[in-house]
1. Return a yes/no flag: does the range 97-120 have any residue that is modelled with pLDDT of 60 or more, part of a loop (DSSP other than H, G, I, E, B), over 30 Å from R4 (Cα atoms) and in contact with a strand residue (DSSP E or B) (Cβ under 8 Å, 6 or more places away or on another chain).
2. When residues of the range 55-77 are filtered for being at pLDDT 85 or above and either hydroxyl-bearing (S, T, Y) or within 13 Å of Y11 (Cα to Cα) (or both), how many remain?
3. Run down S31, S41, S35 and say which single residue is hydroxyl-bearing (S, T, Y) and touching a residue at least 12 places away in the same chain (Cβ under 8 Å).
Amino acid sequence: MIERLKNILDYYNLSASNFADRIDVPRSSISHLLSGRNKPSLDFIIKVEKAFEEVELDWLVYGKGNFPNTLKEDFTNIEETNTPPSLFSKPSPDDISKKNKEISLQEQQVIIDKKIKNIVVLYDDGTFDDYKKK
């Protein structure tokens with residue numbers, strides 16, 4: 001468990017003191033845990049799991065699972081394997097049927113035949129530009 005605590009410190013770039021402050025335990029507790037002098041209490045484990053969203057209880061206690069447990073890893077894998085769809089290309093009929101199985105064939109044809117009429121760009125100062133196809 002000591003290595004998993006060190007992984008958390010490294011991941012969040014925290015010192016032992018900052019870590020103790022964040023989970024609201026005495027700083028000496030972290031020092032004793034990291035040196036192997038003491039074992040973590042149930043209260044300590046719960047505080048760590050609640051303070052850090054990416055920490056799974058099974059990973060922290062048993063070493064099972066992954067850390068960090070975030071969607072960030074999933075998005076990284078998606079970016080590597082899939083190319084993002086173009087905003088200006090028509091979706092393939094296969095893509096439409098996979099995503100919209102309940103849409104009838106006639107409604108799918110309407111989706112494929114849609115064309116851009118105009119684009120409106122909104123600015124943070126409240127103004128806008130309206131671009132219409134000629």
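1. yes
2. 2
3. Answer to the check: S31.
The values are calculated or read from the model by the stated rules, or taken from the named source; none is laboratory data. Quantities reported herein were computed from a predicted structural model and do not represent experimental measurements. Every residue, glycine among them, receives a Cβ derived from its backbone with ideal geometry; neighbour counts consider all protein chains shown.
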